[in-house]
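Every number in this text was worked out from the coordinates using simple rules, so none of it is lab data. Here the structure is a predicted model, which means the values were calculated and not measured. Please note: Cβ atoms are built from the backbone with ideal geometry, for glycine as well, and neighbour counts cover all protein chains shown.
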Amino acid sequence: MSASVSYLLAIPILIIVYKLCASLVHQASSHFPLPPGPKGVPFLGNISYALSIQKASHQWAYYLELSKKYRSDIVHFGVMGEHVIVLNSVKATDEILEKRSGLYSDRALMYMSNLVGLLYIEDGAGTLPLWDIHLSGGLLHRRTFHQDFNRQAIVAYEPIMLQSCSALLKKLAPSKQYDLTSQIPEIEHENLDSYIRSHAGFAILNAVYGMTTQEGKIDDYVHLAGLAAPSVVETFNHGSFLVDFFPLLKYVPDWLPGVSFKKKAAAWAPTVSNLRDGPWEKFKSSIISGTAADCVATKNFEKFNVSPTLQDRLHMNIGSEADMEEVIKNTTGIAYFGEIFLHLDFE
């Protein structure tokens with residue numbers, strides 16, 4: 001029997017055993033009822049439904065139809081032991097993710113994000129977001145991020161916002177004077193998109209990394225964000241890739257059928273890497289040359305002296321300045337990515 005045939009036979013067996021064990025553990029530890037939803041077949045659950053959603057161009061339409069069918073704005077379906085809870089209204093989202101965030105705001109394990117390089121790291125429990133409270137060091141990441149971007153802290157960024165808005169308005173202003181009776185020509189749509197992208201890029205790169213328009217790199221990173229946007233949207237949409245449900249697939253050889261996600265990850269990773277690491281490396285260069293501007297990254301370098309407290313060391317098992325530097329890099333990266341991809345309509 002050839003090696004390729006052996007692989008093909010072994011993969012489904014491994015997945016079945018893995019999912020069966022996970023399902024048994026979940027059933028033994030959970031005694032609470034789930035929201036309404038379609039009944040699945042034994043062991044496989046609603047896998048056919050999940051595959052239909054995965055291939056759909058408008059996944060929200062499937063979820064909306066599910067809510068209408070079961071007359072609930074919170075619905076559920078399962079896939080081989082994995083449970084998907086869908087919130088289909090603002091009220092339900094606010095109730096679950098805001099008012100009860102302490103109980104329900106844990107992030108799902110997103111293995112595709114890790115393959116692409118989107119600020120996820122490996123932990124003993126699997127692949128977790130950096131800010132997950134259960135992750136070793138997750139509390140330090142969340143606390144560092146909160147200190148930089150709470151309601152009181154963001155007041156310090158108002159001068160940057162004003163400068164950015166002023167530059168945007170100057171670009172939008174007509175090139176010549178018009179009186180009140182004249183019709184001011186409309187701005188070309190292509191230029192408007194470009195101006196708004198540059199405005200958002202300048203604001204976040206200046207606030208987080210101290211970068212200015214004189215350095216001539218901001219538009220490059222904005223362009224990179226546009227290239228990375230489709231992969232980020234698809235990757236963060238949990239369930240778009242089977243590896244999120246079957247993490248064992250990430251160990252399957254690339255040449256086997258059914259693992260096209262690995263080719264996508266390999267194609268997307270360089271762009272995401274440039275977008276994530278480029279601004280940070282530029283900031284590090286400014287630190288070395290002594291030209292770093294006042295920004296979130298420099299404040300953290302000074303505050304932590306690139307060295308965590310004993311309490312942080314015990315919590316995160318941090319043993320060197322490089323580890324704390326990684327925390328600062330991660331938290332600034334989260335802010336940068338969050339702002340860049342907040343309004344993808346302009347990308």
### Summary
Listed by chain and number, the residues whose amide H is under 5 Å from that of GLY40, excluding neighbours fewer than 5 places away on the same chain and using placed H, are none
### Query
When the Karplus curve 6.51 cos²θ - 1.76 cosθ + 1.60 is applied with θ = phi - 60°, which whole-Hz ³J(HN,Hα) does each residue of region 244-260 get, with x for Gly and Pro?
5, 8, 10, x, 4, 5, 5, 9, 6, x, 4, 7, 7, x, x, 10, 4
### Query
Using 1/(1 + (r/R0)^6) with R0 = 30 angstrom and r between the beta carbons of ASP277 and ALA167, what's the FRET efficiency to the nearest 0.05?
0.65
#### Entry: Members of LYS39/LYS99; LYS39/LYS263; LYS39/LYS91; LYS99/LYS299; LYS262/LYS284; LYS39/LYS68 lying beyond 23 Å, as alpha-carbon distances in this model show
LYS39/LYS99; LYS39/LYS263; LYS39/LYS91; LYS99/LYS299; LYS262/LYS284
#### Entry: FRET efficiency estimate (nearest 0.05) - Cβ-Cβ, LEU34 to ASP220, R0 45 angstrom
0.45
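Would you order TRP60, TRP268 from fewest to most other beta-carbon atoms within 10 Å of each residue's own beta-carbon?
Ascending Cβ contact count within 10 Å gives the list TRP60, TRP268.
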### Query
By count of other Cβ within 10 Å, fewest leading, how are LEU275, LEU249 ordered?
LEU249, LEU275
### Task
Kindly identify region 263-307 as rounded, prolate or oblate by the Cα gyration tensor criterion: order the square roots of the eigenvalues as a ≥ b ≥ c, call it rounded if a/c is under 1.5, otherwise compare a/b with b/c, prolate if a/b is larger, else oblate.
prolate
### Message
Under 5 Å between amide hydrogens, which residues at least 5 positions from LEU87 or on another chain qualify, with H placed 1.01 Å from N in the peptide plane?
### Response
none
### Summary
Cβ density ranking, 10 Å radius, fewest first, applied to PHE32, PHE245, PHE304 yields PHE32, PHE304, PHE245
### Query
GLY45's amide H: which non-local residues (gap 5+, or another chain) put their own amide H closer than 5 Å, with H modeled 1.01 Å from N in plane and none for Pro or chain starts?
MET80
